[in-house]
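Participant: Below is a structure I'd like to ask you about.
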Amino acid sequence: MGTPEFAVPALDALAAAGHQIVAAYSQPPRPGGRRGRALVPSPVHQRAEALGIEVRTPVSLKNAEAQAAFAALDADVAVVAAYGLILPRPILDAPRHGCLNLHGSLLPRWRGAAPIQRAILAGDAETGVGIMQMEAGLDTGPVRLEGRTPIAGKTAGELTAELASLGARLMVDVLADLDSHPPVPQPDEGVTYAAKITKDEMRLDFAQDAAAAERQIRAFNPPGAWLEVNGERLRILAAEVLADSPVPVRAEPVNAHGAEARPLRQSSGQASTSAGRTEQEGSTPVAGTVLDDRFTIACAAGVIRPAYVQRAGRGVMTVDELLRGFPIPLGTRL
């Protein structure tokens, strides 16, 4: 039971291990394609069909008919990975050994919908994946086995692929010998929740320190955190935090985002009052100001320099490539 690419390695691993997969459940096809007119099956749906597995795509599992159809499969266990639908009690109880969920965090930290992105945003040193025996609560079930990995500068896309592969191996290990991997209750301490990512969170916020802004860029790649310049949305896919600022730093009162800003003064520069506009010479740049001709940007504390970007309808390019055809003047306020 799964939907996105994250769940595909587990499906492949189960098939390769020789398990009889009686059905694959996935969310219904969604509009997609170049114009969004065609219905596109999920990655799990497509992979299951390629493996010759029956695919079921109910809109909900809360009705008696869907629950009866699931119970009729007479499954030993249900493997769940980022399915996206709530599993009511009759579904959880139907398989002989219950439902095992592949969850992308070190539970009880980051229960919920977006554990990988939240771990990066929070600056966690490591994360992992666990095989959890599901119960009615939100990711509250006991954990049978878990694996860990350092985050260490990885993007959400890189970490997702790594955890999907690691989780697939762990799931095969657990199913090979359930008795050797008994469910261990989660501790009561250290519980955090990984709320679903909103569109507003993906806009780069320079009213935070530079390290936090860089984590925001990694957490939302893919599809990419964004900023607006000259009326155009620009995705930032990678950036570096600079140890030294090209201009001095001084403190400023709390800004509209509720964070103490540390704007940077440039000797001859300009700063702006709105996105893509510049202020007059002699003013003091604040967070979000472009500080030089290499697209270095002031944050509330420290500075950041994008490395790879993407304009709408274009491919990924370096900042040098961008600036050759899309100049961003020093002093531009983002």
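Participant: In the chain, what % of DSSP beta bridges are antiparallel (nearest 5)?
Facilitator: Values: 38 of 49 bridges.
Once the DSSP bridges in the chain are tallied, antiparallel ones form about 80 percent.
Participant: Check which residues have an amide H placed less than 5 Å from residue 135's amide H, if you skip close sequence neighbours.
Facilitator: Here 140, 141 satisfy the definition.
Participant: Note down the nm distance, to one decimal, between modelled labels 7 Å out along Cα→Cβ at residue 21 and at residue 307.
Facilitator: Using points 7 Å along Cα→Cβ, the separation is 3.5 nm.
Participant: Under the rule of -39500 (n - 2.57) per DSSP H run of 4 or more residues, summed and divided by the residues of the chain, what mean residue ellipticity at 222 nm is obtained, to the nearest 500 deg cm²/dmol?
Facilitator: Working: 8 runs with 75 residues, N = 334.
Per the formula, -6500 deg cm²/dmol.
Participant: Quick one: pull the percentage of alpha-carbon pairs in the stretch 31-84 with a separation above 14 Å.
Facilitator: Numbers: 977 of 1431 pairs.
That tail contains 68 percent of the Cα-Cα pairs.
Participant: Could you work out the longest stretch of the chain that avoids the trypsin sites (Lys or Arg not before Pro) located in DSSP loops with at most 11 other Cβ atoms within 10 Å? Walk me through the numbers before you get to the answer.
Facilitator: Details: sites that count: 34, 35, 37, 96, 196, 250.
So the longest stretch without any such site is 97-195.
Participant: Hey, another quick one. Using amide H atoms built in the peptide plane, which far-off residues or other-chain residues are under 5 Å from residue 145 H to H?
Facilitator: Placed amide hydrogens put 131 under 5 Å from residue 145.
Participant: Here's something else I'd like to know. What are the DSSP H helices in the chain that stretch 15 Å or more along their long axis, judged by alpha-carbon atoms, and whose average Kyte-Doolittle hydropathy comes to at least -1.0? Numbers along the way, then the final one.
Facilitator: Working: long enough: 156-176 (29 Å, 1.00).
Passing helices, by number: 156-176.
Throughout, read-outs are computed from the coordinates displayed, never taken from laboratory work. Source: prediction; values computed, not measured. Glycine also receives a Cβ, built like all others from the backbone with ideal geometry; neighbour counts cover every protein chain displayed.
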